[in-house]
Amino acid sequence: MSIFLGVDTGGTFTDFVLYQDGKLSTHKVLSTPDAPEQAILEGIRELGLTDKSTFSVVHGSTVATNAVLEGKGVNTVFITNRGFRDLLSIARQTRRELYNLQPVKPSVPVRKEYCLETGGRLSANGEVIEPITERDILQLTEQVKKLAPQSVAINLLFSYLDDSFEKQIEAALPEKLFISRSSSVLPEFKEYERGMTTWLNAYVGPLVKGYLQRLSSGATNADIAVMQSSGGTIAADHAGDEAVHMLLSGPAGGLAAARYMGELTGRKRLLTFDMGGTSTDVALIDGELQLTSEGHIGDYPVAIPMVDMHTIGAGGGSIARVDAGDMLQVGPESAGASPGPVCYGKGGVEPTVTDANLVLGRLRPDAFLGGDMSLDVNAARKAIKPVALSMNLTIEQAANGIIRIANEHMAHALRVMSVQRGIDPRDLTLVSFGGAGGLHVCALAEAMNMKQAMVPIYAGVLSAMGMLVAPRSRQLSRSIIGLLDEIGEQCIEEQFSQLAEHGLAALLAEGIDAKTIQTEFSLDLRYQGQSYYLNIPWTKIETAKQAFHHSHQGRYGHSELNHDQVIKGPALITEIVSTTFIATGWQSKVDNMGNLLLTNQQHQG
């Protein structure tokens, strides 16, 4: 009988769910952040799988995520067109703190000397403005040789229209380099988002590739696949080249499992929170996983499809402290896996949420991890005592305060994904998972006025279980810029057909049976003049338009105006910078430029 192992590498624990002989079993080991594969190999040994002939592993990895958040990727050269070397540094010129007159200057993703310029510039119509010459290529190769990077990111303007210049540069570079082309990673418009995604892929690609090679070498009898940020899996030998697709690898597994459990119990509208040792991930599931191509990792935009979630630094390992104003703070700093909470007895000295739960009797010191790990109550009390003394509280009162603040952080995140999107959380079921989630589920349900909550079976390792229910998949995209009606259904169908052909070939190469492969198409749509998109399933143009208007109304509480739409007064038309009052007897019609044409119906004729 086949053996399947789901693995989720978290900041504190690495979780395992094993399906063997028709039965599920679970296991946990402490993570090894400096070499994540060691914890996985240790778990494989402890589960007795090293002497099995073959077995399948699907796992979620934090290697890419941690490298980005901690700034520990490899030296990467960024190649773009002349005059655009500062592209990633200038970004969108938006300010995180609009009214802060002395904002902290954001860190530069790529040092200036690693940003190289060259020819090969296209216009927005794909016409050649500046060719790339042999001298350009020679100069580039010499500069790259001098800098001696581990990887290269190539991002030329409008390369999604014609990738020949990028391919020409790639062919001239040494084969030993990890090379990431924007026309391959993300063939879409918006040069900054495309460039950042391409750079991130190159920045973490060699680390992911090396990690997967070490894991494969240590588990030679395992067929290894990796969870992607979109909720599907990919073979490990291809995952390294597409490392940017792994930035939400572990959390995506949890959502895949939550959706699966919701379907089994007849609950399809879910508000989920995955509380681990380091962070909490909050997401909304409305039948299907909600994907976004406007996600972020830290300060960086990542334009590839990923599960739509909100992440905060609140977990079981979140550290509690009293600040200079005598206010109790919890997180975002975490004790992580090493040294971990004080009660673990592994060298931790700062009080955490887990220590507070233990002091309040919400954890049994002799039954943690099924009794495999004992917790030190006295050490937890000793760690919380300074907090209590500084606030003139008992140890129990201080512990309760730590829990209440952590709960409020998570309740705020739940509101971001529900109330702030116009969704009433009372209509949803709160689903809690992760190692620490069950300790907080009731308090959070009460904070959100929710009457229904669910803690799934295997909740503590649900992300690992999600690895077993997720399908092999590919998410492919391409930009077609224009008005939906003018582009037409034939052009859209042709583009979808080409993308499906590429995706099918990739899955067949991984040994997937063609009869089991399904395709789903969707469009990123916006009103003319908007900057942000909503993802809408594709059937026909009219159906997509109606679905977009409905989705926009639900997300933002209003529709913007359509071409030729007529509005009769009295009415108010509100925009970002103005408001128009349509009086009784007047009507407004929207022209093809978005202008409001007003007519007094009482004086017609």
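The values are calculated or read from the model by the stated rules, or taken from the named source; none is laboratory data. Note that the coordinates shown come from a computational prediction; the quantities given were computed from them, not determined experimentally. Reconstructed Cβ throughout: ideal geometry from the backbone, glycine too, with neighbour counts over all protein chains shown. Keep in mind that these areas ignore ligands, DNA and RNA; they rest on the heavy atoms of the full protein, side chains included. Shrake-Rupley method; radii C 1.70, N 1.55, O 1.52, S 1.80 Å.
Observations, loosely collected:
- Hits in the stretch 37-68 (condition: modelled with pLDDT under 90 and assigned to a helix (DSSP H, G or I)): 63, 64, 65, 66, 67, 68
- Long-range neighbours under 7 Å by Cβ, at least six apart or interchain, first residue in contact (Cβ under 8 Å) with a residue 12 or more places away in the chain within the stretch 228-255, second outside any strand (DSSP E or B) and of a type in the set (Lys, Arg): 240/209
- Restricting attention to the stretch 333-351 and to residues that are touching a residue at least 40 places away in the same chain (Cβ under 8 Å) and hydroxyl-bearing (Ser, Thr, Tyr), the residue that is most open to solvent (accessible area, probe 1.4 Å) turns out to be 338.
- Looking across the stretch 575-605, the residues that are over 24 Å from residue 483 (Cβ atoms), at pLDDT below 65 and either of a type outside the set (S, T, N, Q) or outside any loop (DSSP other than H, G, I, E, B) (or both) come down to 579, 603, 605.
- Listing of helices (runs of 4 or more DSSP H) fully contained in the stretch 129-233 that carry 1 or more residues being open to solvent by 60 Å² or more (accessible area, probe 1.4 Å) and either touching a helix residue (DSSP H, G or I) at 6+ places or on another chain (Cβ under 7 Å) or of a type in the set (A, V, I, L, M) (or both): 134-147, 164-172, 191-218
- Subset tally (residues that are open to solvent by less than 70 Å² (accessible area, probe 1.4 Å), touching a strand residue (DSSP E or B) at 6+ places or on another chain (Cβ under 9 Å), aliphatic (A, V, I, L, M) and assigned to a helix (DSSP H, G or I)) for the stretch 463-514: 9
- Which listed residue, of 272, 278, is open to solvent by 20 Å² or more (accessible area, probe 1.4 Å) and among the polar types (S, T, N, Q): 278
- Remark: residue 322 falls outside the filter, which requires a residue to be in contact with a Gly (Cβ under 6 Å, 6 or more places away or on another chain), at pLDDT 90 or above and of a type in the set (Val, Ile, Thr).
- Pair list, Cβ under 8 Å, 6 or more apart: the stretch 51-78 residue more than 18 Å from residue 180 (Cα to Cα), other residue open to solvent by 30 Å² or more (accessible area, probe 1.4 Å) and of a type in the set (D, E, K, R): 54/223; 55/223; 56/223; 57/223; 66/72
- Within the option set 349, 330, being in a strand (DSSP E or B) and aliphatic (A, V, I, L, M) holds for one residue only, 330.
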